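J.: Mind looking over this structure? Questions follow.
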Amino acid sequence: MSEPAIKTEPQRIIGRDKDMFLAEENPFEAMMERFDHAAQLLNLDPGLYKVLRNPEKQIIVSVPIVRDNGDVEVYTGYRVLYNTSRGPAKGGIRFDLNVTLEEVKALAAWMTWKCALVNIPFGGAKGGVVCDPSAMSMTELERVTRRYTSGIIETLGPDSDVPAPDVNTNERVMAWIMDTYSMHHRHTVTAVVTGKPIEMGGSLGRREATGRGCMIVTREALARLGMSLKGARIAVQGFGNVGSVSADLMAREGATVVAVSDKSGGVYDPKGLDVADLLRWAGERRHLSAYAKAEHITNEQLLVVDCDVLIPAATENVITRKNAPNIKAKVICEGANGPTTAAADKVLEEKGIFVIPDILANAGGVTVSYFEWVQDRGGYFWDLETVNRRLESIMERSFHEVLGLVDKHKVSTRIACYMLAVDRVAAMHRLRGMYA
Ligand code: NAD
């Protein structure tokens, strides 16, 4: 077999207690716990409550392919459209051995709330194929992508369901999805996916958008606490797209990045790490556990280092009731989706830590995906300055709308985010009425 097409990051176990994860949270239940709380405070009517607790559509497909050695392998693929009342379903596709329908449902629901929270005209979806891309050649990965795309093709479309990259999928995979869809429709449809290569209709600024969004809301949160990014000490778990861009942009604003990690482990220097050097290191696909210029720490230790801002930007359920009491950060900016369990929420609230919840913190990515979709449909492309300015305005506005609800209802930032998002989705349902 040739070089693996995608270098995967085995999820879930590294840097966390596996039993704790199993016992503490099912991602869909974790999402529902927060939804229920918000629904109660919003006094959501019982009918609408039932509607919003259920995904609109769940698709399970077999994905058979012929492997390079001639053997036939059959993978399982999912696509869940959680809610499309506000517009086309929007959400990434992940290729990973840990993909489950429960996880895809939770991620699809989070996308629904996230798009409503930043007030962009999309519903929420997510998809995945249970497979290990690191054990596949590039041609096998292409066959999986195209066969999965043809399996879910009825739901796809710029007006109905628009995928994007997620764990272990990238621009290359989006290009294959776009091509497969376009071949079936007999003309080129760039707006069917976002996160594409720039040359085929991708947006400038999309790659950095999630990290840029994290920087903007962290700056606003620190201002609320009377602090500034200048001189703030930052710890980042996960030095991939979201984590490395967040660290880089915050360092450029004068912050001191004291700790970063990847799945191999972390590095720490209370006087500040050389972020540019770490970016070069990671860019050469080298693990941080082999980085010699700083003290080594584990992913568990990273979460509790002495810092002002903690950015979990790796994976789900890393902040649990077990480690939350030891977190020293004043602000947590959730770059990853679902990094904090519902049980840990309560501990963080008692400790007075300012949490910027995932559906707000990492919404910069889907916001610029929306810009990409708009540009593709208009056939007119914006310069980077325009993309960044519009992103900044949406992130700032959304942050302050959430703060308004925190102050008005005396609720946590997480519940305020859910209240704002669920209320917007519910309002659309009320206006549309029930089709029967
Ligand atoms: P990525 O693959 O580029 O980077 C992930 C990083 O986390 C890598 O450094 C990896 O080594 C590390 N990692 C993986 N598992 C780990 C573990 N168990 N413990 C510690 N570190 C681990 O991924 P990304 O695009 O940066 O996404 C990270 C998170 O942000 C995911 O939860 C993703 O869903 C979320 N997110 C990403 C975007 C985006 O635009 N990329 C948008 C919204 C949300």
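J.: Is it fair to say Asp68 is surrounded by fewer than 18 Cβ atoms within 10 Å (Cβ to Cβ), part of a loop (DSSP other than H, G, I, E, B), of a type outside the set (Phe, Trp, Tyr) and in contact with a Pro (Cβ under 8 Å, 6 or more places away or on another chain)?
T.: Answer is no for this residue.
J.: I need a count of the residues in region 371-382 that are surrounded by 24 or more Cβ atoms within 10 Å (Cβ to Cβ) and within 14 Å of Gly87 (Cβ to Cβ).
T.: The number of residues fulfilling the criteria is 1.
J.: On the basis of being within 15 Å of the ligand (Cβ to nearest atom), free of Cβ contacts under 8 Å to residues at least 40 places away in the same chain and not in a loop (DSSP other than H, G, I, E, B), does Met111 make the cut?
T.: Working: within 15 Å of the ligand (Cβ to nearest atom): yes; free of Cβ contacts under 8 Å to residues at least 40 places away in the same chain: no; not in a loop (DSSP other than H, G, I, E, B): yes.
When the stated conditions are applied, Met111 does not pass them.
J.: If we keep just the residues of region 134-164 that are part of a loop (DSSP other than H, G, I, E, B) and of a type in the set (Asp, Glu), which is nearest to the chain's Cα centre (by Cα)?
T.: First, the residues of region 134-164 that are part of a loop (DSSP other than H, G, I, E, B): 136-137, 152-156, 158-160.
Checking the rest, the ones that are also of a type in the set (Asp, Glu) come to 154, 159.
Values: Glu154: 25, Asp159: 22 Å.
Among residues in region 134-164 that are part of a loop (DSSP other than H, G, I, E, B) and of a type in the set (Asp, Glu), the one nearest to the chain's Cα centre (by Cα) is Asp159.
J.: Output the number of residues of region 312-370 satisfying the condition of being of a type in the set (Ser, Thr, Tyr), within 12 Å of the ligand (Cβ to nearest atom) and assigned to a helix (DSSP H, G or I).
T.: 2
J.: In this structure, does Asn83 turn out to be touching a strand residue (DSSP E or B) at 6+ places or on another chain (Cβ under 9 Å) and modelled with pLDDT under 95?
T.: For Asn83, the condition - touching a strand residue (DSSP E or B) at 6+ places or on another chain (Cβ under 9 Å) and modelled with pLDDT under 95 - is not met.
J.: Moving on to the next point. When both residues are 6+ apart or on different chains and their Cβ atoms are under 6 Å apart, which pairs have a first residue that lies in region 163-183 and is within 27 Å of Gly335 (Cβ to Cβ) and of a type in the set (Gly, Ala, Ser), and a second that is within 11 Å of the ligand (Cβ to nearest atom) and outside any helix (DSSP H, G or I)?
T.: Matching pairs, first to second residue: Ala164/Gly92; Ala164/Thr194; Ala164/Gly195.
The values are calculated or read from the model by the stated rules, or taken from the named source; none is laboratory data. All of these numbers come straight from a predicted model, not from anything done at the bench. Every residue, glycine as well, gets a Cβ built from its backbone with ideal geometry; the counts of neighbours run over all protein chains shown.
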